[in-house]
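J.: Quick one: this structure, given as structure tokens, is what I'll be asking you about.
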Amino acid sequence: MKFSLLFTLLIACCYVASYSQGSNEHNYGIEHTVDEPSHLFEDDEVLEVSLRFKVRQYTRKKPREYIKALLTTHHSPVDSVNHKLKLKSRGEFRNEYCSFPPIKLNFKKGDFDYEDLDDLNKVKLVTHCQYSKQSAQYIYKEYLCYKLYSVLSNQSFGVRLLKINYIDTGKKKKVIEQYGFLIEPVNMLSERHEILHTEVSTISQLHIQPNILDRVAIFNYMIGNGDWSVKGQHNLKVFVPLVPTPQPNGIAVPYDFDYSGMVNTSYAVPNEESSISSVTERYYMGVCRSEEGFREALQEFLDKKEALYQVVTEFELLNDFHKKQMLNYLDSFYDEFENDRIIRSMQSTCLSY
């Protein structure tokens, strides 16, 4: 009882402002006190965690080899779960450009008590890029892009928003408080839908189920994302059903939206193959369809318009400026439906095979 009371008082007193660096390590309890809840990627509640490792060394060296770390998930002021793990930096551009590069977490397989998390092993953690007041807003907006796509399809990567206390185990014991989010691993999505991930590099848009390809292409057009390609599986993964069919049967699932106009990060630049000068301009990159084919594909976006807007309007952490920016960007997409302007725009840049 004395430990619990002391722990609660320490939790209440030790928080520092977001995106700040404290001088001393928070005295979070790191005892394993409760069984971890299941359904990690199905819960929209922000999960608070502490991640202990040599933070300063990580940001300076951006290691491509794993280093030791301890992740503590806080489920109440006195209940926590520990996971010993390894981590390393990941990504291409963000790894080079960002002061704090994205992280790959490597859990010990079978470290969880729940069947749906038994295969949780290597997990991508999207982190803040720079230490700035805008860093959390960019994280929220990219996170919301994943939630927007999940409105259109359940064959989408689950994400979990985190409030992260990065605790440096080095000499200075500094603490950094930031937001980030986990992305559901490929193997978990495969098992959830009973589909197989394929890494064949010769896959093209013609190998993807037409309705799924059109959804992905229109979604990326909606959020202003030109940083994707089926060929080479750039910022999307391709899956196939367990039972093959003679028709195109690929299932494309997009991810990584930081280069989109919807997120509009400070470092985002347009696709070199497009004719646009800003990521906030839209450029359609899908296969050409007939006018009726485009109209059928777009109907889904009209049917789910209200639900798409709700993803943004009901998210309370986004500040008014960035929320308005996202809503205005959605407005500009739906404005194009008037007089079929969106169809003409898509027809002007679509790919003919």
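The values are calculated or read from the model by the stated rules, or taken from the named source; none is laboratory data. Computed from a prediction, not measured in an experiment: that's the story for all the values here. Please note: Cβ atoms are built from the backbone with ideal geometry, for glycine as well, and neighbour counts cover all protein chains shown. For accessibility, only protein heavy atoms count, side chains too; no ligands or nucleic acids. Shrake-Rupley method; radii C 1.70, N 1.55, O 1.52, S 1.80 Å.
J.: Using the structure shown, list the pairs from 231/304; 68/108; 124/147; 68/122; 54/133; 104/231 with a Cα-Cα distance above 22 Å, or answer none.
T.: Values: 231/304 29 Å; 68/108 12 Å; 124/147 17 Å; 68/122 14 Å; 54/133 24 Å; 104/231 24 Å.
Exceeds cut-off: 231/304; 54/133; 104/231.
J.: Now for a separate question. Where the accessible area of the stretch 182-234 is counted over protein heavy atoms with a 1.4 Å probe, how much of it, in %, is carbon and sulfur? Walk me through the numbers before you get to the answer.
T.: On the way: 1120 of 2130 Å².
In the stretch 182-234, the share of accessible area belonging to carbon and sulfur is 53 percent.
J.: On to the next question. Given a Förster radius of 45 Å and the C-beta distance between residue 278 and residue 76 as r, what FRET efficiency does 1/(1 + (r/R0)^6) yield to the nearest 0.05?
T.: 0.50
J.: Mind ranking 226-238, 310-322 by how tightly packed they are, going by the mean number of other C-beta atoms within 10 angstrom, highest first? All intermediate terms of the calculation are to be shown ahead of the outcome.
T.: Values: 226-238: 17.1, 310-322: 14.2.
Per-residue Cβ counts within 10 Å, averaged per peptide and sorted highest first, yield 226-238, 310-322.
J.: Counting heavy atoms of the protein chains only and a 1.4 Å probe, report the per residue accessible area for the chain as a whole number of Å².
T.: 49
J.: With a 1.4 Å probe and all protein chains kept in place, how much accessible area does residue 67 have, in Å² rounded to the nearest 10?
T.: Accessible area of residue 67: about 40 Å².
J.: What is the Cα centroid distance between the stretch 142-166 and the stretch 188-245, reported in whole angstrom?
T.: Cα centroid to Cα centroid, the span is 17 Å.
J.: Only helical DSSP H runs with n ≥ 4 go in: add -39500 (n - 2.57) per run for the chain, normalise by residue count and round the 222 nm mean residue ellipticity to 500 deg cm²/dmol.
T.: -9500 deg cm²/dmol
J.: Hydropathy first: keep DSSP H helices in the chain averaging at least 0.5 on Kyte-Doolittle, then drop any whose Cα extent along the axis falls short of 20 Å, and list what survives.
T.: Sorted by number, there is nothing, because no helix extends far enough and scores high enough.
J.: Could you compute how much accessible surface residue 182 exposes when probed at 1.4 Å, giving the result in Å² to the nearest 10?
T.: Estimated to the nearest 10 Å², residue 182 gives 20 Å².
J.: Within the stretch 269-299, find all residues whose amide N lies under 12 Å from a label point positioned 7 Å from the Cα of residue 347 along Cα-to-beta-carbon.
T.: Zone members listed by number: 289-295.
J.: Could you please state how large a percent of the accessible area of the stretch 302-353 is carbon and sulfur, counting protein chains only and using a 1.4 Å probe?
T.: 47
J.: Most fluctuating residue of 41, 93, 257 in a GNM of the chain with Cα springs under 10 Å: which is it?
T.: Of 41, 93, 257, the most mobile in the Gaussian network model is 93.
J.: Select from 221, 334, 259 the residue whose mean-square fluctuation is largest in a Gaussian network model of the chain (Cα-Cα springs shorter than 10 Å).
T.: 334
J.: Counting only C-alpha contacts under 8 Å and six or more residues apart, can you give the relative contact order of the chain as a whole percent?
T.: Working: 653 pairs, mean separation 51.6, N = 353.
Relative contact order, the chain: 15 percent.
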